[in-house]
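The values are calculated or read from the model by the stated rules, or taken from the named source; none is laboratory data. Keep in mind that this is a model prediction, so the values were computed, not measured. Cβ coordinates were reconstructed from backbone atoms using ideal geometry, including for glycine residues, and neighbour counts include every protein chain displayed.
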Amino acid sequence: MSEAIVVTDTVRVPSWALTVHAARASGPGGQNVNKVATKIDLRVDLSGIEGLTDAARARLRGLCANRLDADGRLTVMSQASRNQGRNLEDARDRVAGLIRAALVAPRRRVPTAPTAGARRRRLAGKKQRADVKRWRARPSQAD
């Protein structure tokens, strides 16, 4: 079984929430690729992540919506390296990165209105453009 992923001091993924499966990878590796299982399929039970607030858990679910399997577990695959250990570390780092991204609450958008000067400048530009187009028209249609 794999060891826990520590994201921050308060947030961690316990080892029981992780499922690691190795398979044969595609890509570089020569004949070795046909006999060694280096690709890592890491699955994380999202409900098992400790220290995550409900809001952060919802953000995480939204961030990885297209990576969830039928059971609702986050699926991360790594076959970047020819080494199984490095692929496992890469997958664990990617899970930690996703969780870290979910911990950051998005800033609320403050709706703003254009200033009076900006409104005037926009309308003046539109007026000028309309004049240019009117002067390009045939004289019979200019009225």
Exercise for review: For residues that are hydrophobic (A, V, I, L, M, F, W, C) and at pLDDT 80 or above, scanning just region 26-48, find the one that is farthest from Leu60 (Cα to Cα).
Suggested key: Ala37
Review point. If the Cβ limit is 8 Å and pairs must be 6+ apart or interchain, which residue in region 118-133 that is outside any helix (DSSP H, G or I) pairs with which residue that is acidic (Asp, Glu)?
Key: none
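Do we find a residue being over 29 Å from Arg107 (Cβ atoms), surrounded by fewer than 16 Cβ atoms within 10 Å (Cβ to Cβ), under 23 Å from the mean Cα position of the chain (by Cα) and not β-branched (Val, Ile, Thr) anywhere in region 5-15?
yes
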Review point. How many residues are crowded, with 22+ Cβ neighbours inside 10 Å, under 15 Å from Arg94 (Cα atoms) and more than 21 Å from the chain's Cα centre (by Cα) if we restrict to region 36-50?
Key: 0
Study note, to complete from the structure: Flagged in region 1-56 as hydrophobic (A, V, I, L, M, F, W, C), in contact with a Leu (Cβ under 9 Å, 6 or more places away or on another chain) and not in a strand (DSSP E or B), in numbering order, are Met1, Ala4, Val7, Val11, Ala17, Leu46, Ile49, Leu52, Ala56
Exercise for review: Return the only residue of Arg86, Arg59, Arg94 being part of a helix (DSSP H, G or I), under 30 Å from Asp9 (Cβ atoms) and in contact (Cβ under 8 Å) with a residue 40 or more places away in the chain.
Suggested key: Arg59
